[in-house]
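The values are calculated or read from the model by the stated rules, or taken from the named source; none is laboratory data. The shown structure was predicted, so the numbers you read here are calculated from the model rather than taken from an experiment. We place every Cβ from the backbone using ideal geometry, glycine too, and count neighbours over all the protein chains shown. For the accessible areas, the whole protein counts, side chains as well, though only heavy atoms, and no ligand, DNA or RNA atoms are used. Shrake-Rupley method; radii C 1.70, N 1.55, O 1.52, S 1.80 Å.
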Amino acid sequence: MNRPRIVRLPEHIVEIVSDAGEGAQKAAVAFARLCAKTGNGLWTVEIIPSEIRPPPHTIGSASGNRIRLAERSQVTNAGNLADVVLAFNEMALLSRLEAGSLADDVLVLIDDQWATHDVEEYRLSYREVLDKFRTRGATIIEMPLQEETLRHVEDAEQGKNMFAVGLLCALYSKDVNLLKNVIRGIFEKKTREVIETAVKLAGAGYEYGLAHLEERFEIQAVPTDVPKVAMNGNTALALGAVSAGFEMCSMYPITPATSASHELSDIFEDFGGFVHQAEDEIAAIGVALGASYAGKTALTITSGPGMALKAEFQGLAVMTETPLVIVDVQRGGPSTGLPTKIEQADLLHALYGAPGDAPKVVMAPSTIEECYYILSVARKIAEEFRMLVIVLSDANLATGQQLFDRPDVCETQERPPLDLSPVSPGALPYDWDPTTGLSQRLIPGQPGGMGVTTSLNHDVNGKACYDSESNQRGHAMRSRKLAALQRSLHRPSVYGEPEGDLLLVGWGSTRGAIEEAVDMAREEGYAVSSLNIQFLSPLPPGLHEIFAGFEKIITVELNYSDDWEDPLITKENRRYGQLAWILRAATLLDVDCYAKVPGRPYMPVEIVDEIQRILGDQPAVESLGETLRALKGVS
Amino acid sequence: MSSIAELCVIESGAVEAHSLDDYESEKPRWCKGCGDHGVLAALQRMLRTNNLDPEDVVAVSGIGCSSRLPHYLNTYGFHGIHGRALPIATGVRLARPELPVIVIMGDGDCFSIGGNHWLHAIRYNINAVVLVLDNEVYALTKMQASPTTPDGCKTNTTPHGTYLQPMNPLSAVMGMTNVSFVAQTATWLPAHLDETIEKAWEHHGLSFVRILQRCPVFMPKAFGEGGLNFPVVFLEHEDGIPVHPSLLARGAARAHNHRDINEAQRVAVAVDPAPMGLIYQNPDVPAYEEIRWNRKERPDHQTFVQRLDAVMDRYTVS
């Protein structure tokens, strides 16, 4: 065979999909780690069915991963349409087309066993799906994935994935020995036989790729001296909880939050902490609140439905001014909704979900790196302000992987012993500073501090009272703390120019896609900038001044809003995206929104499309790239 | 590994004996004749008998008349939300296993809205005294049927009589894994109440005590008008709650081995006459917070940092 052509690329998006249980996820983990080790920047997104083993060979069974690789070390989002897809069967392949994930000219690598399969239905659908892809302009490489795997193992289900990752190693001109080491690391808890079989299969896939691929890719990495880590957002939260000095995480299993507690359960006891799995979501926050009341600020991790169940306890934390941190890894709602998919629809619930007026802090990390650091900030605020802090992560951050600078573990928060010194005579449990609303936190065990902490309205002594004056004062003091915190926050910085035609405002994990869209649109001549808001309550200072620099303000969020074109929708009844609601209320500006619920992250090109729709074709410096045009039918 | 004993040492020094006054806070606002007064007094006597420092005791309650008790006790107290006293108490014990915890709930609070927590708390077996003040009615919300309201009883939500047999909380807890202490007493038997609470305090694990008491306003006729005409049988054992001769006017005494779970389950199922005294005790069931504390390490800062560094290595790619 002729020497294959090697095409150098700045970046690529590859998806690996199989039936659930066939191991595409594992293959993707190995491939992503291989790429990270060679210095490529990356962002991965899990493709997860909602059931554990759905009926095989169906669209709903597709399971796998999307991996965006780049020369640059900083990749901030999952990118646009995939360039390569490796599929174990045609239905898994089709599922990605239906999800709107694939470029028209995608390179398809697919197992050819279905072409000659005993089941006629599979043969027919295989041909039909491949024809569909060919018509759209895809390049298709059929390969004997099953057959080749069976040369090495008896059960192909237990090895196709490793053959596939070897093939990708060849396709992207990576070092196969490095891949073998990565695989040994991933399977370190398995038997020697399992490990060596996996390594052998990966080697075989690599050799097959070298022998049969006529065109291969190379995405070089920019060398860096800064050590990097690759992890998903839930792992980052777990390690961040340890680093922040938490000693207890009390939780109840819920997708997509639970994996954070898996990691924490594994390591926390070595760090003087533990994960308590409670009998339900309510008890989970109750135990955390009890621990915080006793002086050890605790954490609870949940998702939307769990947030609803925790609402009454949130009110209790606010009323008693017990420090507490809740992480809500948001998923699609309402109700059970889309449990494995992203949505940013718990913002208003986080702000207003507890009954009564319950002022609390709400923060949102925008990158996986921020998932690591945010819990330190959350804990400090919770303790210093005696407040409930809600951290809104999401399914995209939770399961995606990103490369970031290795955190300095020396910066972990020390846990000083509890201060149980006697309370000075006359000290009161709610001795509110009238300017800031702050008061000292008394801890059981402190002599002289005895008294009841009550869910009832209470006065400075902590005594229940029912008069209007004390009720007004209690509310004011709890609210005042938010203002005090707001005054200590930095003005957020605008991405791009401080003035222009359009400002895109986002929160949470949409940041990467929004900023990439801003880059793309500015290149096309649009005067557009963006702003990521980390503090949703209190809102950061300076929003009025920032907004004044732009003709138009629009939020970009992954939650539902009515379209202006929808039937019956008028200015009076239109429902906006959730950040748009609060910005409209806070600024009295006509903030619009681009808020949809696709159940996946936004692609930068979709946002560019929206920018173009809003600002029209006026820049006309040059037309938007070919990719964008190719996308029109999809996005 | 840290042992729980090490954590539980409260510095002793020259300890002065506490008086009952030390445990008194504001004046109770319960109705005259309410059994809650008697439970408060009994608790205060138990605290004094054991000379517990008020600052080391945490009283946790839910919502209802009886849940106001922490307001009237001069210890640390947490008056929380309806049905959720046990998760809060579990959190306190997990965070600070050196602090004695007393939980006070009503029948609706514990058996109805807090039912899930109740059954799971028995299984956790946290080391705490758990008192349910059962007056067979929701009183603070003005007389609605509770899970223990007698069959046919007229309340504001069952004006033509309740529809169901009352729940038997004793047989429910006796069916839970890890049950370690179950007793029943009544506020019209003050000495028996005192000794039951003292026994509950001495027990290592979750001491579940159901205290029968009359609501003088909404259920004045409950328990045969507060014990006057209420059939009971006193459970007698050398390690049980003493049955003083004066009690025998209220009901007969019968020998009962509270260490035998099968015998205890049989006794718990029987409701007429109501068994009074120590129904079951197993001092060997481990307490959940101790299991967790015995497994966790307490590294110094340097070790902590080294370990976090090692975890970070697992995720380091370049």
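Summing +1 for each Lys or Arg and -1 for each Asp or Glu, what net charge is found among the other residues whose Cβ lies under 13 Å from the Cβ of residue A:320?
On the way: positive: A:360, A:386, A:441, A:478, B:84; negative: A:312, A:321.
Summing Lys and Arg as +1 and Asp and Glu as -1 gives +3.
Read phi for every residue in the range A:272-281 and hand back ³J(HN,Hα) as whole Hz from Karplus 6.51 cos²θ - 1.76 cosθ + 1.60, θ = phi - 60°, with x for Gly and Pro.
After applying 6.51 cos²θ - 1.76 cosθ + 1.60, I find x, x, 8, 9, 9, 8, 7, 6, 6, 5 Hz.
With +1 assigned to the C-beta of every Lys and Arg and -1 to the C-beta of every Asp and Glu, and no other charges, what is the dipole magnitude of the range B:4-315 about the Cα centre in debye, to the nearest 20?
Details: 26 positive and 35 negative charges, 229 e Å.
About 1100 debye.
At the nearest 100 Å², what buried accessible area, both sides summed, do you get for B and A when the probe is 1.4 Å? Kindly include the intermediate steps, with their values, before the conclusion.
Numbers: alone 15600 and 27430 Å², together 37550 Å².
Accessible area lost upon association: around 5500 Å².
Return one whole number: the accessible area per residue of chain B in Å², for a 1.4 Å probe.
Working: 12810 Å² over 318 residues.
With the other protein chains kept in place, chain B gives 40 Å² per residue.
As an exercise, use a Förster radius of 41 Å and the Cβ-Cβ distance of residue B:261 and residue A:52 to find the FRET efficiency, rounded to the nearest 0.05. Walk me through the numbers before you get to the answer.
Details: r = 38 Å, r/R0 = 0.93.
The value I calculate is 0.60.
Separation between the residue A:147 and residue A:544 pseudo-spin-labels, each 7 Å from Cα along Cα→Cβ, expressed in nm?
Each label point is offset 7 Å from its Cα along the Cβ direction, giving 7.3 nm.
Please identify the trypsin sites (Lys or Arg not before Pro) of the range B:114-175 that satisfy two criteria: DSSP loop assignment and at most 11 other Cβ atoms within 10 Å. Which are they?
Listed in order of number, the matching sites are B:142.
Trypsin sites (Lys or Arg not before Pro) within the range A:76-151: which are DSSP loop residues with at most 14 other Cβ atoms inside 10 Å? Please list the in-between numbers first.
Working: sites: A:96, A:123, A:127, A:132, A:134, A:136, A:151; in loops: A:151.
Answer by residue number: A:151.
Counting alpha carbon pairs within less than 8 Å and at least 6 residues apart, what relative contact order, in whole percent, applies to chain A? Don't skip to the end; give the middle numbers.
Details: 1361 pairs, mean separation 74.2, N = 635.
Computed value for chain A: 12 percent relative contact order.
Would you mind getting me the FRET efficiency between residue B:239 and residue A:568? Use the beta-carbon distance for r and R0 = 51 Å, nearest 0.05. Display every interim value, and only then the final one.
Values: r = 75 Å, r/R0 = 1.47.
Computed FRET efficiency for residue B:239 and residue A:568: 0.10.
Separation of the range B:62-84 and the range A:17-52 by C-alpha centroid, Å?
51
Give me the compactness ratio for the range A:5-218, meaning the Cα radius of gyration over 2.2 N^0.38 Å.
Details: Rg = 15.9 Å, N = 214, 2.2 N^0.38 = 16.9 Å.
My calculation over the Cα atoms of the range A:5-218 gives 0.94.
Picking from A:352, A:91, A:443, whose Cα lies most toward the positive end of the charge dipole for the protein assembly as shown (charges on Cβ: Lys, Arg +1; Asp, Glu -1)?
Projecting each Cα onto the dipole axis, the largest value belongs to A:443.
Rank these by accessible area, largest first, 1.4 Å probe: A:292, A:493. Before the final figure, lay out the partial values.
Working: A:292 0, A:493 100 Å².
Listed by decreasing accessible area, they come as A:493, A:292.
Can you give me the Cα centroid spacing of the range A:377-423 and the range B:180-239 in angstrom?
One Cα centre to the other: 46 Å.
For A:208, B:280, give me the order by solvent-accessible area with a 1.4 Å probe, most accessible first, ignoring ligands, DNA and RNA.
Correct descending sequence by accessible area is A:208, B:280.
Any idea what Rg and Dmax come out to for the range A:230-407 if you just take the C-alpha atoms, in Å?
14.4, 42
Output wanted: per-residue J couplings in Hz (rounded whole) for the range B:20-29, from phi through Karplus 6.51 cos²θ - 1.76 cosθ + 1.60, θ = phi - 60°, x for Gly and Pro.
Result, ordered by residue: 4, 4, 4, 9, 9, 10, 5, 6, x, 10 Hz.
For residue A:301, enumerate residues with amide H under 5 Å from its amide H, sequence gap 5+ or separate chain, H modeled in the peptide plane.
So residue A:301 has HN proximity to A:250, A:252, A:327.
Can you tell me the length gained on complete extension of the stretch residue A:186 to residue A:483, counting 0.36 nm per residue apart and subtracting the Cα distance?
102.1 nm
Quick one: Debye curve from the C-alpha atoms of the range B:119-211, no solvent, what's log10 I(q)/I(0) at q = 0.14, 0.21, 0.23 Å⁻¹?
-0.60, -1.01, -1.08
One quarter of the convex hull surface, Cα atoms only: what value does that give for the protein assembly as shown in nm²? Let's see the in-between values first.
Values: hull surface 181.0 nm².
Computed as one quarter of the Cα hull surface, the answer is 45.3 nm².
Please state the relative contact order of chain B as a whole percent: Cα pairs under 8 Å, 6+ residues apart? Present the calculation step by step, with values, prior to reporting the outcome.
Working: 641 pairs, mean separation 53.8, N = 318.
Reported relative contact order: 17 percent.
Amide H of residue B:140 versus every other amide H placed in the peptide plane: which residues, excluding those fewer than 5 positions away on the same chain, fall under 5 Å?
So residue B:140 has HN proximity to B:65.
At a temperature of 25 °C and a viscosity of 0.890 mPa s, determine how fast the range A:500-631 diffuses translationally according to Stokes-Einstein, using the Kirkwood radius over alpha-carbon pairs as Rh; express D in µm²/s, rounded to the nearest whole number.
Working: Rh = 15.3 Å.
So the translational diffusion coefficient is about 161 µm²/s.
Which pairs in the list B:142/B:221; B:32/B:142; B:27/B:199; A:189/A:341 are over 19 Å apart, alpha-carbon to alpha-carbon? Intermediate results must be reported in sequence, preceding the final value.
Numbers: B:142/B:221 16 Å; B:32/B:142 16 Å; B:27/B:199 27 Å; A:189/A:341 30 Å.
Exceeds cut-off: B:27/B:199; A:189/A:341.
If a/c stays under 1.5 just call it rounded; otherwise compare a/b with b/c (prolate if a/b is bigger, oblate if not). Do that for the range B:194-245, with a ≥ b ≥ c from the square roots of the Cα gyration tensor eigenvalues.
Working: a/c = 3.28, a/b = 1.65, b/c = 1.98.
In terms of gyration-tensor shape, oblate.
Please list A:197, A:44 from largest to smallest accessible area, probe radius 1.4 Å, with all protein chains kept in place. Before the final figure, lay out the partial values.
On the way: A:197 35, A:44 5 Å².
Of A:197, A:44, the descending order of accessible area is A:197, A:44.
Between residue A:135 and residue A:175, 0.36 nm times their residue separation minus their Cα-Cα distance comes to what? Write down the numbers at each step before the final one.
Working: separation 40, 0.36 × 40 = 14.40 nm, distance 3.47 nm.
Result: 10.9 nm gained on full extension.
With no solvent and one point on each alpha carbon, what is the Debye value of log10 I(q)/I(0) for the range B:4-315 at q = 0.07, 0.09, 0.11 Å⁻¹?
Results for the range B:4-315 at q = 0.07, 0.09, 0.11 Å⁻¹ read -0.29, -0.46, -0.67.
If one takes the longest principal axis of the Cα atoms in chain A, at what angle in degrees, from 0 to 90 and to the nearest 10, does the Cα axis of helix A:233-243 lie?
Once rounded, one gets 40 degrees.
Among A:339, A:371, A:391, which residue has its Cα positioned farthest towards the positive end of the charge dipole of the range A:297-402, with +1 placed on the Cβ of Lys and Arg, -1 on the Cβ of Asp and Glu, and the dipole taken about the Cα centre?
Most positive-ward Cα: A:339.
Note the angle between two axes, namely the Cα long axis of helix A:192-212 and the longest principal axis of the Cα atoms of chain A, as a number of degrees from 0 to 90, rounded to the nearest 10.
50
What net charge is computed for the residues neighbouring residue A:362, neighbours being all others with C-beta under 12 Å from the C-beta of residue A:362, Lys and Arg scored +1, Asp and Glu -1?
Net charge in that neighbourhood comes out at -1.
Students often check this: by mean Cβ neighbours within 10 Å, which of A:229-237, B:291-299 ranks highest, and how do the rest follow?
Values: A:229-237: 26.9, B:291-299: 15.3.
In descending order of packing, they fall as A:229-237, B:291-299.
Between Rg and the Kirkwood Rh of the range A:162-236, both from Cα atoms, what is the Rg to Rh ratio?
Values: Rg = 14.4 Å, Rh = 13.7 Å.
Reported Rg/Rh (Cα atoms, Kirkwood Rh): 1.04.
Report the semi-axes of the equivalent ellipsoid for the range A:316-455 in whole Å, largest first, where each axis is √(5λ) for an eigenvalue λ of the Cα gyration tensor. Intermediate results must be reported in sequence, preceding the final value.
Numbers: eigenvalues 222, 88, 25 Å².
Three semi-axes, in Å: 33, 21, 11.
How much of residue B:206 can a 1.4 Å solvent probe reach, expressed as accessible area in Å² and rounded to 10?
About 10 Å², ignoring ligands and nucleic acids.
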